[in-house]
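Shown next, in structure tokens, is the structure this report addresses.
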Amino acid sequence: MKRSRLRILKIGGSVITDKDENAFEKLRQNALEEVCRAISESWEDLVVVHGAGSFGHPHVKKYGLNPLGASKVHLACLRLSERFCSALSKFGVATLPIHPLNFYTRISGLECDVGYIRRAVDSGFLPVLHGDVIFGRDGIEVLSGDDIVIHLAERLRPSSIGFATDVDGVMVNGKVVEKLSAEDMEKIGDEGGSRVDVTGGMLKKIQKVFRMSYRCEIFVFRGNYNNLKRFLKGEKVGTEVIL
Ligand code: IPE
């Protein structure tokens with residue numbers, strides 16, 4: 001299968017929301033606008049996935065994942081998705097919000113209608129997915145945006161993947177590195193995660209990336225306007241993960 005011109009961009013929940021310990025549904029409005037402005041300047045052949053930030057993690061802790069809890073978690077994720085997609089729309093982006101609870105399941109493995117996303121991109125939309133709760137084999141479970149990115153990358157075969165985070169890149173021995181390879185794994189710091197995280201921080205993200213069987217350019221960088229512009233232009237930014 002040929003490699004496409006598609007890019008997949010994950011916007012970490014810590015970029016667009018406040019993930020401090022006591023934050024509950026706290027949007028970082030300026031950061032959100034900055035992210036959406038950068039995306040609006042180059043959104044052809046792109047799929048965006050955003051994290052749940054303080055619109056998801058604290059809810060899982062507070063309400064749990066029984067049906068009522070999961071429903072509350074999902075509704076909060078929808079609120080963030082609505083804010084994100086409305087901001088993009090204001091900047092002229094034909095955003096197509098996709099909500100994983102109604103789109104993904106993980107019964108024997110993670111599954112969704114990938115053709116729908118391909119069709120959306122080919123029809124001139126920007127699909128926007130997000131971390132959410134989904135039906136798993138034994139009930140409701142959390143699906144992180146990182147898992148969505150990896151799942152879609154294996155199937156859509158993008159030319160590049162960007163992880164926009166609240167740190168400058170991946171830290172090895174206390175310093176952000178330009179390139180990261182599998183040998184660096186034991187030395188990775190877990191900066192960029194947060195104590196409220198129910199899906200894991202930087203280390204877990206990188207472990208997932210290295211388990212991916214598909215190969216393409218992958219960058220981890222701070223999600224500000226300039227870095228996002230660079231990633232979307234196809235330039236190197238932050239830490240490049242060498243698979
Ligand atoms: C988490 O999604 C989803 C829920 C907690 C419901 P992510 O793991 O992608 O969110 P961030 O990027 O860490 O905030």
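The values are calculated or read from the model by the stated rules, or taken from the named source; none is laboratory data. On a predicted model such as this, the values are computed, not experimentally measured, just so you know. Cβ: placed from backbone, ideal geometry, glycine included. Neighbour counts: every protein chain shown.
Structure summary
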read-out	value
Test set (1) away from the ligand (no atom under 16 Å from the Cβ); (2) at pLDDT 90 or above - I206 fails condition number	(1)
Of the criteria (1) of a type in the set (D, E); (2) at pLDDT 95 or above; (3) out of contact with any strand residue (DSSP E or B) (no Cβ under 8 Å at 6 or more places or on another chain), which one E21 fails	(2)
Exclusive hit being free of Cβ contacts under 8 Å to residues at least 12 places away in the same chain and either within 15 Å of the ligand (Cβ to nearest atom) or buried (at least 18 other Cβ atoms within 10 Å of the Cβ) (or both), set G64, G51, G12	G64
Any hit, the range 112-131, residues being touching a strand residue (DSSP E or B) at 6+ places or on another chain (Cβ under 6 Å) and within 12 Å of the ligand (Cβ to nearest atom)	yes
Qualifying residue in the range 152-162 (condition: surrounded by 20 or more Cβ atoms within 10 Å (Cβ to Cβ) and within 21 Å of K19 (Cα to Cα))	yes
Spans of helices (runs of 4 or more DSSP H) in the range 1-96 with at least 3 residues among the hydrophobic types (A, V, I, L, M, F, W, C)	29-40, 67-90
Among the candidates I218, I140, residue that is among the aliphatic types (A, V, I, L, M), out of contact with any Cys (no Cβ under 7 Å at 6 or more places or on another chain), outside any helix (DSSP H, G or I) and closer than 26 Å to E44 by Cβ	I218
The range 97-124, subset of a type in the set (S, T, Y) and part of a loop (DSSP other than H, G, I, E, B), residue surrounded by the fewest Cβ atoms within 10 Å (Cβ to Cβ)	S108
Unique match (being within 16 Å of the ligand (Cβ to nearest atom), buried (at least 17 other Cβ atoms within 10 Å of the Cβ) and either part of a loop (DSSP other than H, G, I, E, B) or modelled with pLDDT under 95 (or both)) among G193, G200	G193
